[in-house]
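Enquirer: My questions will all concern the structure given below.
The values are calculated or read from the model by the stated rules, or taken from the named source; none is laboratory data. This structure is a prediction, so every number in the text was calculated from the model and none was measured. All Cβ positions, even for glycine, are placed from backbone atoms using ideal geometry, and neighbour counts span all protein chains on display.
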Amino acid sequence: MKFLKPKKISISKLKKEADIAFSRYIRARDKHICFTCGRKMEGNKSQCGHFVPRQYNSTRYDIRNNNCQCYACNMLYNGQPDIYALNLQKKYGDGIIKELNALRRQVKQWQPRELEELKKLYEDKLKLLDE
């Protein structure tokens with residue numbers, strides 16, 4: 001009798017699952033109000049915008065780097081980087097842009113366990129917001 005090893009889930013699949021949980025949390029945290037234009041949206045119409053792009057793992061799940069945005073601001077206007085930066089400074093103080101840009105240069109390789117923990121963390125935080 002042959003025993004099958006449990007199939008390992010790829011990092012990319014785990015990252016996608018963590019991204020979904022994180023995005024849902026950020027949009028709910030921000031009450032589906034666009035960070036750059038102030039437009040209120042229905043939940044499924046909002047997006048999770050990033051100041052430092054998601055390709056930089058070190059800031060990918062940093063809640064300061066991510067805020068709710070409408071489709072127009074996030075996609076059509078390339079995230080409205082100038083307005084986004086000004087709003088980050090209002091929210092977190094003058095050093096935030098420098099700090100996020102410094103973090104972006106740090107190399108981060110996600111481990112499967114870390115991504116699983118992030119997914120669970122943001123699913124739990126979302127549940128708390130819904131209560």
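Enquirer: Only one of ASN44, ASN74 is surrounded by 17 or more Cβ atoms within 10 Å (Cβ to Cβ) and assigned to a helix (DSSP H, G or I); which?
Expert: Being surrounded by 17 or more Cβ atoms within 10 Å (Cβ to Cβ) and assigned to a helix (DSSP H, G or I) holds for just one of ASN44, ASN74, which is ASN74.
Enquirer: Is there a residue in the range 29-41 that is at pLDDT 95 or above, in contact with a helix residue (DSSP H, G or I) (Cβ under 8 Å, 6 or more places away or on another chain), over 21 Å from GLN106 (Cβ atoms) and among the β-branched types (Val, Ile, Thr)?
Expert: yes
Enquirer: If you take the residues of the range 79-131 that are within 16 Å of the chain's Cα centre (by Cα) and assigned to a loop (DSSP other than H, G, I, E, B), which of them is surrounded by the fewest Cβ atoms within 10 Å (Cβ to Cβ)?
Expert: LYS108
Enquirer: Taking LYS7, is it over 12 Å from the mean Cα position of the chain (by Cα), under 23 Å from GLU116 (Cβ atoms), free of Cβ contacts under 8 Å to residues at least 12 places away in the same chain and surrounded by 12 or more Cβ atoms within 10 Å (Cβ to Cβ)?
Expert: No.
Enquirer: Return the only residue of ASP19, ASP62 being free of Cβ contacts under 8 Å to residues at least 60 places away in the same chain and either in a helix (DSSP H, G or I) or aromatic (Phe, Trp, Tyr) (or both).
Expert: Working: ASP62 fails: either in a helix (DSSP H, G or I) or aromatic (Phe, Trp, Tyr) (or both).
Only one candidate qualifies: ASP19.
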